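Peer 1: Before I ask anything, here is the structure I am working with.
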Amino acid sequence: MGADNQTWAREFVLLGLSSDWDTQVALFALFSVAYLLTLLGNVLIVLLVRLDGRLHTPMYFFLSNLCLVDVSYATSIVPQMLAHFLAEHKGIPYVSCAAQLFFSLGLGGTEFVLLAVMAYDRYVAVCDPLRYPVIMHGGLCARLAVTSWLSGSVNSLVQTTITFQLPMCTNKYIDHISCELLAVVRLACVDTSSNEVAIMVSSIVLLMTPFCLVLLSYIRIISTILKIQSIEGRKKAFHTCASHLTVVVLCYGMAIFTYIQPNSSLSVLQEKLISLFYAILTPMLNPVIYSLRNKEVKGAWQKLLGQLSGLTLKLAA
(Lines give C-alpha, C1' and ligand atoms only; values in the text may rest on other atoms or scores of the structure.)
Protein backbone atom coordinates (compact mmCIF):
# COMPACT_ATOMS: atom_id res chain seq x y z
CA MET A 1 0.00 0.00 0.00
CA GLY A 2 1.45 3.33 -1.07
CA ALA A 3 1.99 6.48 0.89
CA ASP A 4 -1.26 8.02 -0.33
CA ASN A 5 -3.21 5.03 0.92
CA GLN A 6 -1.63 5.37 4.36
CA THR A 7 -2.88 8.89 5.02
CA TRP A 8 -6.14 7.63 6.53
CA ALA A 9 -4.21 5.95 9.33
CA ARG A 10 -2.86 9.16 10.80
CA GLU A 11 -5.98 11.25 11.30
CA PHE A 12 -9.70 11.52 10.62
CA VAL A 13 -11.70 14.75 10.32
CA LEU A 14 -15.10 14.98 12.02
CA LEU A 15 -17.52 17.22 10.15
CA GLY A 16 -19.72 17.68 13.22
CA LEU A 17 -23.10 19.43 13.34
CA SER A 18 -22.41 22.75 11.62
CA SER A 19 -19.69 24.73 9.87
CA ASP A 20 -21.15 28.11 10.88
CA TRP A 21 -19.05 29.74 13.63
CA ASP A 22 -21.93 31.45 15.48
CA THR A 23 -23.93 28.22 15.49
CA GLN A 24 -20.94 26.30 16.84
CA VAL A 25 -20.42 28.80 19.68
CA ALA A 26 -24.11 28.56 20.62
CA LEU A 27 -23.96 24.74 20.54
CA PHE A 28 -20.79 24.83 22.65
CA ALA A 29 -22.58 26.84 25.35
CA LEU A 30 -25.69 24.66 25.25
CA PHE A 31 -23.93 21.30 25.35
CA SER A 32 -21.38 22.49 27.95
CA VAL A 33 -24.23 23.19 30.38
CA ALA A 34 -25.89 19.87 29.53
CA TYR A 35 -22.63 17.96 30.06
CA LEU A 36 -21.97 19.64 33.42
CA LEU A 37 -25.52 18.77 34.54
CA THR A 38 -24.93 15.19 33.41
CA LEU A 39 -21.72 14.93 35.42
CA LEU A 40 -23.26 16.56 38.48
CA GLY A 41 -26.46 14.51 38.44
CA ASN A 42 -24.86 11.10 37.93
CA VAL A 43 -21.95 11.63 40.34
CA LEU A 44 -24.33 12.88 43.06
CA ILE A 45 -26.57 9.82 42.65
CA VAL A 46 -23.55 7.50 43.02
CA LEU A 47 -22.36 9.38 46.12
CA LEU A 48 -25.87 9.39 47.58
CA VAL A 49 -26.19 5.62 47.18
CA ARG A 50 -22.83 5.08 48.86
CA LEU A 51 -23.48 7.48 51.75
CA ASP A 52 -27.07 6.54 52.66
CA GLY A 53 -27.50 3.09 54.20
CA ARG A 54 -31.17 2.98 53.18
CA LEU A 55 -30.06 2.84 49.55
CA HIS A 56 -27.75 -0.15 50.01
CA THR A 57 -30.10 -2.42 48.06
CA PRO A 58 -29.75 -4.30 44.74
CA MET A 59 -31.92 -1.74 42.94
CA TYR A 60 -29.66 1.17 43.88
CA PHE A 61 -26.51 -0.88 43.37
CA PHE A 62 -27.56 -1.34 39.74
CA LEU A 63 -28.59 2.32 39.55
CA SER A 64 -25.06 3.31 40.61
CA ASN A 65 -23.69 1.17 37.78
CA LEU A 66 -26.12 2.79 35.35
CA CYS A 67 -24.98 6.26 36.44
CA LEU A 68 -21.33 5.27 35.99
CA VAL A 69 -22.11 3.95 32.50
CA ASP A 70 -23.99 7.13 31.59
CA VAL A 71 -21.34 9.57 32.77
CA SER A 72 -18.59 7.49 31.13
CA TYR A 73 -20.49 7.29 27.85
CA ALA A 74 -21.06 11.05 27.81
CA THR A 75 -17.38 11.64 28.63
CA SER A 76 -16.25 9.42 25.75
CA ILE A 77 -17.99 11.72 23.24
CA VAL A 78 -18.95 15.15 24.56
CA PRO A 79 -15.57 16.73 25.60
CA GLN A 80 -14.07 16.02 22.18
CA MET A 81 -17.22 17.37 20.50
CA LEU A 82 -17.06 20.55 22.61
CA ALA A 83 -13.39 21.07 21.74
CA HIS A 84 -14.21 20.76 18.04
CA PHE A 85 -16.92 23.42 18.27
CA LEU A 86 -14.20 25.97 19.01
CA ALA A 87 -11.48 24.48 16.79
CA GLU A 88 -10.82 25.44 13.19
CA HIS A 89 -9.34 22.04 12.40
CA LYS A 90 -11.57 19.20 13.61
CA GLY A 91 -9.11 16.37 13.29
CA ILE A 92 -8.98 13.32 15.55
CA PRO A 93 -5.95 10.98 15.53
CA TYR A 94 -6.44 7.41 14.34
CA VAL A 95 -5.72 5.93 17.78
CA SER A 96 -8.05 8.41 19.51
CA CYS A 97 -10.82 7.59 17.04
CA ALA A 98 -10.42 3.85 17.68
CA ALA A 99 -10.43 4.45 21.45
CA GLN A 100 -13.55 6.61 21.22
CA LEU A 101 -15.36 3.96 19.21
CA PHE A 102 -14.31 1.23 21.65
CA PHE A 103 -15.48 3.07 24.77
CA SER A 104 -18.71 4.50 23.36
CA LEU A 105 -19.74 1.21 21.77
CA GLY A 106 -18.80 -0.80 24.87
CA LEU A 107 -20.61 1.51 27.28
CA GLY A 108 -23.69 1.62 25.05
CA GLY A 109 -23.88 -2.18 25.01
CA THR A 110 -23.32 -2.34 28.76
CA GLU A 111 -26.26 0.00 29.36
CA PHE A 112 -28.70 -2.16 27.40
CA VAL A 113 -27.66 -5.32 29.26
CA LEU A 114 -27.73 -3.48 32.59
CA LEU A 115 -31.30 -2.31 31.95
CA ALA A 116 -32.30 -5.95 31.40
CA VAL A 117 -30.61 -6.88 34.70
CA MET A 118 -32.52 -4.09 36.45
CA ALA A 119 -35.76 -5.39 34.93
CA TYR A 120 -35.04 -8.83 36.40
CA ASP A 121 -34.43 -7.19 39.78
CA ARG A 122 -37.82 -5.44 39.60
CA TYR A 123 -39.45 -8.71 38.47
CA VAL A 124 -38.19 -10.53 41.56
CA ALA A 125 -39.16 -7.60 43.83
CA VAL A 126 -42.77 -7.57 42.58
CA CYS A 127 -43.43 -11.21 41.71
CA ASP A 128 -41.51 -12.94 44.53
CA PRO A 129 -41.10 -10.31 47.28
CA LEU A 130 -40.71 -12.77 50.17
CA ARG A 131 -37.69 -14.45 48.54
CA TYR A 132 -36.25 -11.22 47.13
CA PRO A 133 -33.42 -10.87 49.70
CA VAL A 134 -32.45 -14.51 49.18
CA ILE A 135 -32.52 -14.41 45.38
CA MET A 136 -30.93 -10.98 44.88
CA HIS A 137 -28.01 -11.53 47.23
CA GLY A 138 -24.76 -9.58 46.97
CA GLY A 139 -22.90 -12.27 45.03
CA LEU A 140 -25.53 -12.51 42.30
CA CYS A 141 -25.78 -8.72 42.00
CA ALA A 142 -22.01 -8.44 41.58
CA ARG A 143 -21.96 -11.20 38.94
CA LEU A 144 -24.82 -9.61 37.00
CA ALA A 145 -23.08 -6.21 37.05
CA VAL A 146 -19.76 -7.73 35.91
CA THR A 147 -21.57 -9.64 33.14
CA SER A 148 -23.12 -6.39 31.92
CA TRP A 149 -19.76 -4.60 31.76
CA LEU A 150 -17.95 -7.57 30.19
CA SER A 151 -20.58 -8.23 27.51
CA GLY A 152 -20.43 -4.64 26.32
CA SER A 153 -16.62 -4.58 26.41
CA VAL A 154 -16.16 -7.87 24.53
CA ASN A 155 -18.60 -6.87 21.79
CA SER A 156 -16.91 -3.48 21.49
CA LEU A 157 -13.45 -5.03 21.26
CA VAL A 158 -14.57 -7.32 18.44
CA GLN A 159 -16.39 -4.56 16.52
CA THR A 160 -13.57 -2.04 16.93
CA THR A 161 -10.94 -4.55 15.82
CA ILE A 162 -12.72 -5.65 12.65
CA THR A 163 -13.72 -2.07 11.81
CA PHE A 164 -10.22 -0.64 12.03
CA GLN A 165 -8.81 -3.48 9.96
CA LEU A 166 -10.79 -2.17 6.99
CA PRO A 167 -8.72 -0.30 4.39
CA MET A 168 -9.95 3.30 4.33
CA CYS A 169 -7.69 4.32 1.42
CA THR A 170 -7.62 8.13 1.39
CA ASN A 171 -11.06 8.58 2.97
CA LYS A 172 -10.73 10.58 6.17
CA TYR A 173 -13.84 12.77 6.50
CA ILE A 174 -16.35 11.35 9.00
CA ASP A 175 -19.73 13.05 8.62
CA HIS A 176 -20.65 12.66 12.27
CA ILE A 177 -20.09 14.18 15.73
CA SER A 178 -17.85 11.28 16.82
CA CYS A 179 -16.18 8.11 15.59
CA GLU A 180 -19.46 6.23 15.42
CA LEU A 181 -19.41 2.64 14.16
CA LEU A 182 -21.50 2.98 10.99
CA ALA A 183 -19.92 6.31 10.11
CA VAL A 184 -16.42 4.78 10.23
CA VAL A 185 -17.45 1.64 8.33
CA ARG A 186 -18.82 3.84 5.52
CA LEU A 187 -15.28 5.16 4.92
CA ALA A 188 -14.03 1.75 3.80
CA CYS A 189 -13.07 1.38 0.16
CA VAL A 190 -13.86 -2.37 0.11
CA ASP A 191 -17.00 -4.46 0.49
CA THR A 192 -18.25 -4.20 4.10
CA SER A 193 -21.01 -6.83 4.01
CA SER A 194 -19.22 -8.99 6.62
CA ASN A 195 -18.98 -5.97 8.95
CA GLU A 196 -22.68 -5.25 8.43
CA VAL A 197 -23.50 -8.85 9.37
CA ALA A 198 -21.34 -8.53 12.51
CA ILE A 199 -23.13 -5.28 13.43
CA MET A 200 -26.51 -6.97 12.91
CA VAL A 201 -25.54 -9.93 15.10
CA SER A 202 -24.27 -7.68 17.88
CA SER A 203 -27.48 -5.62 17.66
CA ILE A 204 -29.53 -8.78 18.16
CA VAL A 205 -27.36 -10.00 21.05
CA LEU A 206 -26.95 -6.69 22.92
CA LEU A 207 -30.13 -4.86 21.94
CA MET A 208 -32.99 -7.16 20.99
CA THR A 209 -32.17 -9.99 23.43
CA PRO A 210 -32.05 -7.66 26.48
CA PHE A 211 -35.17 -5.89 25.19
CA CYS A 212 -37.05 -9.21 24.95
CA LEU A 213 -35.96 -10.06 28.51
CA VAL A 214 -37.20 -6.64 29.69
CA LEU A 215 -40.48 -7.18 27.86
CA LEU A 216 -40.99 -10.62 29.41
CA SER A 217 -40.16 -9.27 32.86
CA TYR A 218 -42.72 -6.48 32.57
CA ILE A 219 -45.40 -8.79 31.18
CA ARG A 220 -44.99 -10.89 34.34
CA ILE A 221 -44.82 -7.77 36.53
CA ILE A 222 -48.00 -6.27 35.06
CA SER A 223 -49.77 -9.61 35.33
CA THR A 224 -48.82 -9.82 39.02
CA ILE A 225 -49.84 -6.20 39.71
CA LEU A 226 -53.28 -6.75 38.13
CA LYS A 227 -53.88 -9.67 40.50
CA ILE A 228 -53.37 -7.44 43.56
CA GLN A 229 -56.82 -6.64 44.92
CA SER A 230 -56.17 -3.39 46.78
CA ILE A 231 -55.68 -0.20 44.78
CA GLU A 232 -53.03 0.95 47.25
CA GLY A 233 -51.14 -2.31 46.78
CA ARG A 234 -51.20 -1.91 43.00
CA LYS A 235 -49.92 1.65 43.25
CA LYS A 236 -47.09 0.59 45.56
CA ALA A 237 -46.07 -2.30 43.28
CA PHE A 238 -46.14 -0.12 40.17
CA HIS A 239 -44.22 2.64 41.96
CA THR A 240 -41.26 0.27 42.48
CA CYS A 241 -40.94 -0.10 38.70
CA ALA A 242 -41.99 3.33 37.43
CA SER A 243 -38.53 4.93 37.26
CA HIS A 244 -36.89 1.94 35.58
CA LEU A 245 -39.75 1.59 33.10
CA THR A 246 -39.42 5.27 32.14
CA VAL A 247 -35.67 4.87 31.50
CA VAL A 248 -36.28 1.66 29.53
CA VAL A 249 -38.77 3.39 27.23
CA LEU A 250 -36.35 6.28 26.79
CA CYS A 251 -33.32 4.12 25.93
CA TYR A 252 -34.78 1.18 24.02
CA GLY A 253 -37.41 3.26 22.25
CA MET A 254 -34.91 5.34 20.30
CA ALA A 255 -32.60 2.36 19.65
CA ILE A 256 -35.37 0.17 18.25
CA PHE A 257 -36.70 3.10 16.21
CA THR A 258 -33.22 3.37 14.72
CA TYR A 259 -32.53 -0.29 14.00
CA ILE A 260 -35.91 -1.40 12.64
CA GLN A 261 -35.72 1.10 9.78
CA PRO A 262 -33.88 0.45 6.53
CA ASN A 263 -30.45 2.07 6.51
CA SER A 264 -31.38 4.31 3.60
CA SER A 265 -34.29 5.87 5.49
CA LEU A 266 -32.04 7.44 8.14
CA SER A 267 -30.35 10.65 7.05
CA VAL A 268 -26.91 11.63 8.32
CA LEU A 269 -28.54 14.40 10.36
CA GLN A 270 -30.89 11.89 12.01
CA GLU A 271 -27.92 9.69 12.92
CA LYS A 272 -26.17 12.68 14.50
CA LEU A 273 -29.28 13.64 16.48
CA ILE A 274 -29.69 10.06 17.74
CA SER A 275 -26.04 10.06 18.87
CA LEU A 276 -26.64 13.36 20.69
CA PHE A 277 -29.72 11.85 22.32
CA TYR A 278 -27.65 9.01 23.82
CA ALA A 279 -24.57 11.11 24.57
CA ILE A 280 -26.31 14.03 26.31
CA LEU A 281 -30.06 13.78 26.82
CA THR A 282 -30.37 10.25 28.23
CA PRO A 283 -27.43 10.51 30.69
CA MET A 284 -28.74 13.89 31.86
CA LEU A 285 -32.35 12.73 32.34
CA ASN A 286 -31.76 9.37 34.05
CA PRO A 287 -30.69 10.84 37.45
CA VAL A 288 -33.61 13.29 37.28
CA ILE A 289 -36.10 10.48 36.61
CA TYR A 290 -34.85 8.42 39.54
CA SER A 291 -34.68 11.44 41.84
CA LEU A 292 -38.21 12.65 41.09
CA ARG A 293 -40.00 9.30 41.14
CA ASN A 294 -38.32 7.49 44.07
CA LYS A 295 -39.32 8.29 47.64
CA GLU A 296 -36.11 6.68 48.93
CA VAL A 297 -33.93 8.95 46.78
CA LYS A 298 -35.97 12.01 47.76
CA GLY A 299 -35.58 11.09 51.42
CA ALA A 300 -31.84 10.58 51.01
CA TRP A 301 -31.53 14.00 49.33
CA GLN A 302 -33.44 15.66 52.16
CA LYS A 303 -31.27 13.92 54.76
CA LEU A 304 -28.05 14.90 52.98
CA LEU A 305 -29.16 18.51 52.51
CA GLY A 306 -30.16 18.68 56.18
CA GLN A 307 -26.73 17.42 57.21
CA LEU A 308 -25.00 19.93 54.92
CA SER A 309 -27.16 22.76 56.28
CA GLY A 310 -26.31 21.78 59.86
CA LEU A 311 -22.61 21.61 59.02
CA THR A 312 -22.79 25.04 57.36
CA LEU A 313 -24.43 26.58 60.44
CA LYS A 314 -21.80 25.07 62.74
CA LEU A 315 -18.97 26.42 60.57
CA ALA A 316 -20.64 29.84 60.44
CA ALA A 317 -20.99 29.90 64.23
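The values are calculated or read from the model by the stated rules, or taken from the named source; none is laboratory data. Just so you know, these numbers come straight off a predicted model, no measurement behind them. Every residue, glycine as well, gets a Cβ built from its backbone with ideal geometry; the counts of neighbours run over all protein chains shown. These area figures cover heavy atoms from the full protein model, side chains too; ligands, DNA and RNA do not enter into them. Shrake-Rupley method; radii C 1.70, N 1.55, O 1.52, S 1.80 Å.
Peer 1: Might you report the magnitude of the Cβ-based charge dipole of region 1-144 about its Cα centre, with Lys and Arg at +1 and Asp and Glu at -1, to the nearest 20 debye?
Peer 2: 580 debye
Peer 1: Moving on to the next point. Rank by packing, highest mean first: peptides 149-161, 61-73, with packing defined as the count of other Cβ atoms within 10 Å averaged across residues.
Peer 2: 61-73, 149-161
Peer 1: Just the isolated ones, please: cysteines in the chain lacking another cysteine beta carbon under 4.7 angstrom.
Peer 2: Flagged as lacking a Cys partner: C67, C127, C141, C212, C241, C251.
Peer 1: Cα centroids of region 124-171 and region 18-97: how far apart, whole angstrom?
Peer 2: First find each Cα centre; the distance between them is then 20 Å.
Peer 1: Follow-up. How large is the helix-only mean residue ellipticity at 222 nm for the chain, computed as the sum of -39500 (n - 2.57) over DSSP H runs with n ≥ 4, divided by its residue count, in deg cm²/dmol to the nearest 500?
Peer 2: -25000 deg cm²/dmol
Peer 1: Which value, in debye to the nearest 20, describes the size of the charge dipole of the chain about its Cα centre when Lys and Arg Cβ atoms bear +1, Asp and Glu Cβ atoms bear -1, and nothing else is charged?
Peer 2: 1520 debye
Peer 1: Then there is this: Find which of L130, S202, T38 sits farthest along the positive direction of the dipole of the chain, computed with +1 on the beta-carbon of Lys and Arg, -1 on that of Asp and Glu, about the Cα centre.
Peer 2: So the residue we want is L130.
Peer 1: With only Lys, Arg, Asp and Glu charged, each at its Cβ (+1 for the first two, -1 for the last two), find how big the charge dipole of region 96-197 is about the Cα centre; round to the nearest 20 debye.
Peer 2: 220 debye
Peer 1: How compact is the chain by the rule of thumb for globular proteins, expressed as Cα Rg over 2.2 N^0.38 Å?
Peer 2: 1.12
Peer 1: R50 to I228: extension gain in nm, 0.36 nm per residue of separation minus the Cα-Cα distance?
Peer 2: Full-extension gain reported as 60.7 nm.
Peer 1: For the chain, give the percent of accessible area contributed by carbon and sulfur heavy atoms, probe 1.4 Å, rounded to a whole number.
Peer 2: Roughly 69 percent, rounded to a whole number.
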